[in-house]
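Novice: Below is the structure I would like to discuss, written out as structure tokens.
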Amino acid sequence: MRKFGMVSCFAIFVASTALAQTAPPAAPPLLKVFAASAEIPALIAKAKAERKPDQPLLAQPILSLAPYRASLEYRAGNSPPASHDKDAEMFYVLEGSATLVTGGKLVDEKRTNPLNFTGTAITGGHEQVIAKGDFAIVPENTPHQIILIGGAPVALMSIHLPRPIPTP
């Protein structure tokens, strides 16, 4: 019986090794470390063309080097506010202007996934007008929302910056 168990274990080991060698390799993570300046207007034009009428935000990747990513955010409507547990978020305004609301408290807060919250609004936040060429950074665990000015669209580059949460 002991011999049968050892033979069975060996057979399972050989079979699993063979399967591991024949299984297709995992897809490599998305890697793009350079974007030419001419790509940005093309991404904005593509976002304008692909955005559906009821879609307030269309995001497209610009750069990616895990765990970092830079995205184009074409905003033609107001999206709900958000708060990220472990990511700071930096914005650079590419086109247009908007009001960035930061801080305060999320109204009707709910968790959307293990690392993010959303809400219906922000109470007690700080409002800052941002326009083409401006930078802003929002620390992790900080509610934030981009609100359009006069309904005019805004194009942003957003970069999520993972930051460790300090332990007491």
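All of the numbers you see were taken from the coordinates with simple rules; none came from a lab. Model, not experiment: these values are computed from the prediction.
Novice: Mind checking which lysines have their C-alpha under 20 Å from LYS132, skipping anything on the same chain fewer than 8 residues away?
Specialist: LYS46, LYS48
Novice: Given 25 °C and 0.890 mPa s, how large is the Stokes-Einstein diffusion coefficient of segment 99-168 in µm²/s, with Rh as the Kirkwood radius over Cα pairs?
Specialist: 179 µm²/s
Novice: In addition: Give me P(r) over segment 39-162, computed from all C-alpha to C-alpha distances, binned every 5 Å, as integer percentages.
Specialist: Percent of Cα pairs in each bin: 2, 12, 20, 25, 23, 13, 5, 0.
Novice: OK, next. Please state the relative contact order of segment 37-165 as a whole percent: Cα pairs under 8 Å, 6+ residues apart?
Specialist: Relative contact order of segment 37-165: 34 percent.
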